[in-house]
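Reading through the structure tokens given below for one structure.
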Amino acid sequence: MIIGHFCCLEVKNERHSPPRKLQYGDTIGIIAPSIALKPAHIQHSTQRLRSLGFHIQLAEHIFSDAHGFSGSIEERAEDFNVMISNDKIKMLLFGGGEVCNEILPYIDYDNIRTHPKIICSSSDSTTILNAINYMSGLITFYGASVRTFENLTDYNRQAFENLLMNVGHAYIKSAPWKTIYPGKCEGVLAGGYLVNYAALYGLEFYREIPYDSCILFLEDYERFSSPAAVSKWFANLEHRNVFKRVVGLIFGHYAVNDYPVIDDILYRIGEKYHIPVVRCKDYGHGLNNAILPIGVAARLDTDADVFALLESGVCD
């Protein structure tokens with residue numbers, strides 16, 4: 001099936017009304033835009049979601065491996081657009097991989113404005129989440145993925161319920177945050193996995209940060225990127241003038257053990273741009289999957305040890 005090419009639509013940077021909150025009994029749609037899945041990959045997660053009280057609908061081509069490493073571009077884009085159009089589905093949940101950027105030109109962004117819903121993932125899906133926020137104005141959610149529910153921890157369940165199932169906006173830290181460079185700021189959240197965010201920035205689907213003041217949250221993982229690679233991707237962001245709109249930086253889980261060289265990289269960013277920089281293990285490729293809403297205003301104050309969301313990412 002040949003799908004339409006949607007990326008030429010007019011970009012509307014104004015913020016959209018938040019999606020409706022999730023409730024037990026709602027249907028969650030699961031797709032695979034980044035990787036070829038096998039039934040065993042999601043068996044435990046879907047069982048757990050059902051045991052919590054959710055209905056699950058799998059995308060038609062979720063197990064396709066037409067490209068070997070994933071379903072075809074047409075299949076994955078069709079699954080995404082069909083799930084968005086289905087108003088019985090209240091949330092899209094998916095995981096990472098490598099190739100979700102392939103479907104960016106084929107996402108119907110006008111359709112997302114017409115059928116807003118919770119869209120949540122992490123890792124490679126940084127690309128889709130930020131592009132959707134830029135192209136449609138819809139708040140999207142970074143942190144939880146299908147894998148989160150494979151062995152659901154108390155912290156991850158609490159984060160999921162607090163941010164997606166309640167109109168309140170309480171953010172709970174998994175442990176104290178480390179201040180790398182002090183300061184305080186307010187801005188709108190954007191970010192995700194460093195490599196994907198840097199690769200997306202400047203493309204048609206995300207020409208620049210769509211907010212004048214941004215608190216940028218990023219993460220990387222020692223298995224995927226050495227400290228030198230982390231430094232390289234930060235330089236890439238600098239070359240694209242990302243930090244002209246960044247008022248604060250949060251860096252998530254990188255490794256179980258501390259890497260002083262990572263702190264050195266982060267300190268140089270804070271010192272150069274005079275912005276507060278902190279590091280935490282709340283989100284990333286580790287155990288914790290805190291949820292950060294892309295497009296929601298937040299406050300960061302290292303002196304008071306405060307990180308607070310200033311609004312909810314969902315509505316009644």
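The values are calculated or read from the model by the stated rules, or taken from the named source; none is laboratory data. From a predicted model like this one, the values you see are computed outputs, not experimental measurements. Every residue, glycine as well, gets a Cβ built from its backbone with ideal geometry; the counts of neighbours run over all protein chains shown.
General remarks:
- Where SER125 falls short, out of the listed (1) under 26 Å from MET83 (Cα atoms); (2) out of contact with any helix residue (DSSP H, G or I) (no Cβ under 9 Å at 6 or more places or on another chain): (2)
- Every condition in (1) in a loop (DSSP other than H, G, I, E, B); (2) aliphatic (A, V, I, L, M); (3) more than 18 Å from the chain's Cα centre (by Cα); (4) surrounded by 15 or more Cβ atoms within 10 Å (Cβ to Cβ) holds for ILE209 except the one numbered (3).
- Residue count for the stretch 254-290, restricted to those that are free of Cβ contacts under 8 Å to residues at least 60 places away in the same chain and outside any loop (DSSP other than H, G, I, E, B): 8.
- Selection within the stretch 291-308 - among the aliphatic types (A, V, I, L, M), surrounded by fewer than 20 Cβ atoms within 10 Å (Cβ to Cβ) and either within 21 Å of the chain's Cα centre (by Cα) or assigned to a loop (DSSP other than H, G, I, E, B) (or both): ALA297, ALA304, ALA308
- Beta carbons closer than 6 Å, at least 6 apart along the sequence or on distinct chains, pair a first residue in the stretch 201-221 that is closer than 17 Å to ILE139 by Cβ with a second that is among the β-branched types (Val, Ile, Thr) for TYR211/VAL188; SER213/VAL247; CYS214/VAL188; CYS214/VAL246; LEU216/VAL246; PHE217/ILE250.
- Criterion (in contact with a strand residue (DSSP E or B) (Cβ under 9 Å, 6 or more places away or on another chain), buried (at least 18 other Cβ atoms within 10 Å of the Cβ) and assigned by TED's automatic domain parsing to the domain that holds THR153) met by exactly one of ALA59, ALA36: ALA59
- Qualifying positions in the stretch 251-271 - within 20 Å of GLY183 (Cα to Cα) and either among the acidic types (Asp, Glu) or out of contact with any Pro (no Cβ under 9 Å at 6 or more places or on another chain) (or both): PHE251, GLY252, ASP263, ASP264, LEU266, TYR267, ARG268, ILE269, GLU271
- The residues of the stretch 155-205 that are within 23 Å of TYR221 (Cα to Cα) and assigned to a helix (DSSP H, G or I), listed by number, are TYR155, ASN156, ARG157, ALA159, PHE160, LEU194, VAL195, ASN196, TYR197, ALA198, ALA199, LEU200.
- Residue, surrounded by the fewest Cβ atoms within 10 Å (Cβ to Cβ), within the stretch 170-204, restricted to residues that are within 17 Å of the chain's Cα centre (by Cα) and more than 30 Å from ALA228 (Cβ to Cβ): TYR171
- LYS117 vs. criteria touching a Ser or Thr at 6+ places or on another chain (Cβ under 8 Å), basic (Lys, Arg) and surrounded by 17 or more Cβ atoms within 10 Å (Cβ to Cβ): no
Results for (1) in a helix (DSSP H, G or I); (2) over 16 Å from LEU49 (Cα atoms); (3) not assigned by TED's automatic domain parsing to the domain that holds ARG223, shown as yes or no for each residue.
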residue	(1), (2), (3)
VAL82	yes, yes, yes
GLU98	no, yes, yes
ASP110	yes, yes, yes
CYS120	no, no, yes
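- Residue count for the stretch 122-153, restricted to those that are assigned to a loop (DSSP other than H, G, I, E, B) and touching a Cys at 6+ places or on another chain (Cβ under 9 Å): 3
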